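Only one structure is covered here, and it is reproduced in the block below.
Where a number appears in this text, it was derived from the coordinates with a stated rule and is not lab data. Just so we're clear, the structure is a prediction, and the values are computed from it rather than from any experiment. Neighbour counts run over all protein chains shown; Cβ positions are idealised from the backbone, glycine included.
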Ligand SMILES: [Fe+2]
Ligand SMILES: [Fe+2]
C-alpha cells in the first residue's frame, strides 16, 4: 500500500501522539527511512525492535512475490558467505577443514552464478535484499571465534559456525525448490536442486571432519 505523502504525514503525526505505542519515535523514524529506500530495498525485512511488521506496507502479495523475495534474500546471503569464508579458511588449522572450506568457497561462487541464471529465467536482474539472519550468523561466528584461544577448540567453533551457515542455506533452498515446483518452474527447480545438493554435501563433510578429527583434537587440548 503506497500512501500519498500528505496522508502518510497525517498518520505518522497521529501515531506519534499515541502514548500506548512503545518506541513510537523509532517507529515513525524507521518508517520514513523505509519509505525513502523503498526503491532500492523493496520488501525489506522488518524485524527490528519497535518496528511493526507489515503495519504500513505489504509488498509481498503473491507466491510469485514471495519466491522473488526469498531469491533476493539468498542472493544476498551467498554473496555475504563469499566475503566471510576467506577469513574462516585463514583461521582454521586442521588441513582437512581448511581444504573443505576452500572447496566450498569455489562452490559458493557457483551458487551465485546459478542464482543469477534463476533471476534471468524470471526475466529479472539479480538483486539483493538485506538478510538479517545471515548477517547475524556471520557476526556471531566472528564474535565466538574471536574469543577462542586454543587452535583446536577454534577449529571446533569454525565447524559449528560453518554448519549454521549451511543449515540456513539448506532451509532457504528447500523452500525455494518447493515453491518453484508449485509455480511450475521446472528449469529453476533443477538449478536450485544442484545447489541444495552441494550445501547438504558440505554440511555432511563438516560433520565428518568434526567427528573424525576436529572434536577429538579439541577435547584433548588442555
Ligand atoms: Fe551456497
Ligand atoms: Fe554453503
- Which values, in whole Å and largest first, are the semi-axes of the equivalent ellipsoid of region 63-220 obtained as the square root of 5 times each eigenvalue of the Cα gyration tensor? 31, 15, 12
- Query: In what sequence do 176, 183 fall when counting other Cβ within 10 Å, fewest first?
  - Reply: 183, 176
- Message: With a cut-off of 8 Å between alpha carbons and a minimum separation of six or more residues, what is the relative contact order of region 99-222 in percent?
- Response: 33
